[in-house]
Every structure is written in structure tokens, then in C-alpha cells.
């Protein structure tokens, strides 16, 4: 009997392979970094999502997240975090 991890991998593997091929075809200039990003991104993809999401849609999703993160370039991360208090806000 297959475990849930094995079942998930069986569903995700063909989608991953097609996605990585699309990256090589459509984004050759940054394919290596985008492929690495996509591989990690897909670690959380469920079997159901793998069966219902087209690889082209995943490419748009993954490339969008990658491009957003990469747009920062070499600038330092600019995140402001604070703990609001009732007195201040």
C-alpha cells in the first residue's frame, strides 16, 4: 500500500517535470535559479493541486513569485516589524 507521501509524489512528479521543461523553454536566461526555486516551491503542492493545475498556470505562479522576490536586486531587505500597543495605536 502506498503512503500519502508516495501518492503525492506520483501525482506531482509529471507536473514538476513539465514545469521544469517549460522553464528551460521560456526562461533560459534565468532557468537555473528559477528551476531551483520551482523545485522548492512544489514541495508544498498537494496531490489534488497537481492533478487540477495546468503546468502553464504553475509556471505563471512560480515565475511571478520568483520575479517579485528577484526584483529587489542587491538592495537590503526592507521590512519593518513592530508590536503595536493600545497606547500607541
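Anything in region 39-78 that is part of a loop (DSSP other than H, G, I, E, B) and exposed (fewer than 12 other Cβ atoms within 10 Å of the Cβ)? List them, or say none. If you could, list the steps in order and put the result at the bottom.
Within region 39-78, the first condition is being part of a loop (DSSP other than H, G, I, E, B), and the residues that meet it are 45-46, 53-54, 71-78.
Residues satisfying the conditions are 54, 71, 72, 73, 74, 75, 76, 77, 78.
Do you know which of the residues in region 2-38 that are farther than 18 Å from residue 70 by Cβ and outside any helix (DSSP H, G or I) is modelled with the highest pLDDT?
Among those that are farther than 18 Å from residue 70 by Cβ and outside any helix (DSSP H, G or I), it is 3.
Evaluate the following for residue 60: is it within 11 Å of the chain's Cα centre (by Cα), without any contact (Cβ under 8 Å) to a residue 12 or more places away in the chain and closer than 25 Å to residue 28 by Cα?
On the way: within 11 Å of the chain's Cα centre (by Cα): yes; without any contact (Cβ under 8 Å) to a residue 12 or more places away in the chain: yes; closer than 25 Å to residue 28 by Cα: yes.
Yes: the conditions hold for residue 60.
Taking residue 86 as the residue in question, decide whether it is loosely packed, with under 11 Cβ neighbours inside 10 Å and without any contact (Cβ under 8 Å) to a residue 40 or more places away in the chain. So that I can check it myself, show each step before the final result.
Values: loosely packed, with under 11 Cβ neighbours inside 10 Å: yes; without any contact (Cβ under 8 Å) to a residue 40 or more places away in the chain: yes.
So residue 86 fits the description; yes.
The values are calculated or read from the model by the stated rules, or taken from the named source; none is laboratory data. As the structure is a prediction and not an experimental result, all values here were calculated from the model. Cβ atoms come from the backbone with ideal geometry, glycine included; neighbour counts cover every protein chain shown.
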